[in-house]
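Below you'll find the structure, written out as C-alpha cells, and then a few comments.
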Amino acid sequence: MTDPATMQDDPQRLAAFEAKIAAGDRIEAGEWMPQQYRFECLRLIQMHANSELMGALPEREWIPRAPTLSRKMALLAKVQDEVGHAQLLYRVAEDLGKPRQQMIEELLAGKSKFHNVFHYPAETWADVAVIQVFVDGAAMQTQGSLRSCSYAPYARVLKRICYEEDFHIRLGIDVHKTLAEGTPRQREMLQNAIDRWWQPIMHFFGPRDQASPHLETMMRWRIKVKTNDELRQQFLRQFVPLITDYGLRLPDPGLRWDEAGGRYEYSEPDWEEFKRVIRGAVLLPWVIPTALSTLGWWWMFNSLYSVVNWTGIALGIMDPPGPNWLGQKYYAMTAVVTVNIWRGLPFFAITMLAGLVSIPKELYEAAEADGAGRVARFWHVTLPMLKPVLAIVILFSTIFTFSDFNIVYVLTHGGPINSTHLFATLARQIGLESGQIGQGAAISLYLFPVLMIVVFAQLRFVRKQAY
Ligand SMILES: [Fe+2]
Ligand SMILES: [Fe+2]
C-alpha cells in the first residue's frame, strides 16, 4: 500500500482526511494526504518561495543608492528578510517531496513561476516605497489569510513571515510619507511610481472570481482561504486611503467606493499585459529588427565564409566548398524560406500558446470521462477550439510573407536572375532601379485586391466560428 495512486483511491482515508479538515484540524508533513492536495500545496509554496527570492532582486539594486544611512540599513534588513523567507519556504516545500536543488534549477530554467509583480524593475527610489507598501501589502493579504490554511507547516512558517512583512510595510509607509510630504519633485516621483505599479498590483490578485469546481475544492481543503475578490477588496480598503489621504492621484479613474455595495469598484486591468509579462522572453527573434537579424543570416550563407558550409563540411555531410547558398536558384530559395520560418516561428508559437491556454480544462476532463484518448481529444477538443486562432495566424503570416521586403532584399536582392523576388522587391527593382515608375507602382499594388479577398474570406470564417 505504498503506491501514492492506490493510497489516494482509498475512499476511507479520503473521508477521514476530509472530516479532519472540516473539523478545523491541520495536516502535518508526515500524514496521509490526497495526491491532489500534496500537488496543490507544493505548487503554491514553491511559487511563494520563488517570489520571495525574485522579489529581493529589484530592491537589492537600491541598497547602495538609498538616500540615508538609516534607509540603507532598513532596506538591507528587508532584503535579507525576503531571502530568509525563501529559505524557509523551500524547506517547507521540500517536505512535500521535491528536492530544493530541483526547485532552484526549475526557477533558473524558467520552468517554474513566480508572482507577476516581481517581473518589473524598480526604476526610482519611489519604487522602493511603493514595493514596500503596496506590493508587500498585497502579498500580505494572501499570506495573512493563509495563516489559517490546513497545511500546518506552511501555516506556522507564514506566522513568522507575516510578522516580518508587517514590519516591511511600516518601514515603507515611512518612506512613502517622506516622499508624499516632500518637494514637488519627490511627490511627482512617488505619483509616477504608483501609476506604474497599480496595474501589476491589481493583476497580483488574479481574475475576478468565477464559479469553478477547482476553487471549491481548494476552499474546502483550506489551501485557499479567501477568494481573489475578497483579497483584492481587503487590500483596496486598507491601502487606497494611503493614496487619497496624501492628496495623490488614484491611478485608476474607475476606482471608487460603492457605499451601497460596501465595496470598491475598479476598472478591469489589462489581462493581456499580465500574460505578456509572464511569457516575455520567448519573443526575441520577433522584436529584433528584421534587417539586422537577416544580415546575420546573410553572413551565415555567404559564399566565402559560410558557417553553414563550414559546419556541414566539418560534419562530413557536404563536399567542399559546399553549395553557393545565395548564388543558385533553389539554394537561394531555401535560404529565404528558412529565414522567414525562423522569423515567423515566435509569432506562431506565442499566438497558439495563447489559444491553447484559453481552452477550458473542463472540456478535456469531460472528454476524458467519455473515454476519449489523446488523439481523440486533439481532434475533437483542441483543434476545433483552436480554429479561430489558427485562421488569424495563417492570415497574418500570409500577409507578412507576401508583403515582406527586408529578408529578400538583404539576403538575395531578388536574385539570382530574379528567382526569389517578392512583390515589394520586384516593385523596387522595376520602379526605382529601372526607372519604370508606373510598372513598379502596378506591381506593388497587385496584391491589394488579392489580399482583400483572402482577408474577407477569412474574417467571415472567423466570425462564423465565434458565434
Ligand atoms: Fe517576504
Ligand atoms: Fe516583504
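The values are calculated or read from the model by the stated rules, or taken from the named source; none is laboratory data. These numbers were taken from a predicted model, which means no experiment stands behind them. As a convention, Cβ positions derive from the backbone with ideal geometry for all residues, glycine included, and neighbour counts pool all protein chains shown.
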message = Take the residues in region 87-102 that are within 24 Å of the chain's Cα centre (by Cα) and crowded, with 21+ Cβ neighbours inside 10 Å; name whichever of them is nearest to ligand 1 (Cβ to nearest atom).
response = LEU89
Options TYR246, TYR266: the member that is surrounded by 15 or more Cβ atoms within 10 Å (Cβ to Cβ) and not assigned by TED's automatic domain parsing to the domain that holds CYS41 = TYR266
Near pairs, Cβ below 6 angstrom, 6+ apart or cross-chain, from region 353-364 (closer than 13 Å to VAL393 by Cα) to any residue that is aromatic (Phe, Trp, Tyr) = none
ask   = Taking region 310-330 on its own, how many of its residues are surrounded by 17 or more Cβ atoms within 10 Å (Cβ to Cβ) and at pLDDT 85 or above?
value = 0
key: Selection count where residues are in contact (Cβ under 8 Å) with a residue 60 or more places away in the chain, farther than 13 Å from GLY144 by Cα and away from ligand 2 (no atom under 12 Å from the Cβ), scope region 156-175   = 2
key: Filter result (closer than 21 Å to MET189 by Cβ and within 12 Å of ligand 1 (Cβ to nearest atom)) within region 118-136   = ILE131, GLN132, VAL135, ASP136
remark   = Of the residues in region 103-136 that are within 16 Å of ligand 2 (Cβ to nearest atom) and of a type in the set (Phe, Trp, Tyr), the one that is surrounded by the fewest Cβ atoms within 10 Å (Cβ to Cβ) is TYR120
ask   = Restricting to helices (runs of 4 or more DSSP H) lying wholly in region 305-423: which have 1 or more residues that are outside the structural domain of VAL462 (by TED's automatic domain parsing) and closer than 29 Å to GLN458 by Cα?
value = none
request  = Could you tell me whether any residue of region 40-48 is surrounded by fewer than 20 Cβ atoms within 10 Å (Cβ to Cβ), of a type outside the set (D, E, K, R) and free of Cβ contacts under 8 Å to residues at least 40 places away in the same chain?
outcome  = no
query = Name the pairs: first residue in region 74-101 and of a type in the set (A, V, I, L, M, F, W, C), second residue outside any helix (DSSP H, G or I), Cβ to Cβ under 7 Å, at least 6 apart or on different chains?
reply = LEU75/TRP62; LEU75/ILE63; LEU75/ALA66; LEU76/ILE63; VAL79/ILE63
remark   = The one condition PHE167 fails out of (1) within 13 Å of ligand 1 (Cβ to nearest atom); (2) crowded, with 18+ Cβ neighbours inside 10 Å; (3) of a type outside the set (Ser, Thr, Tyr); (4) within 30 Å of PRO269 (Cα to Cα) is (2)
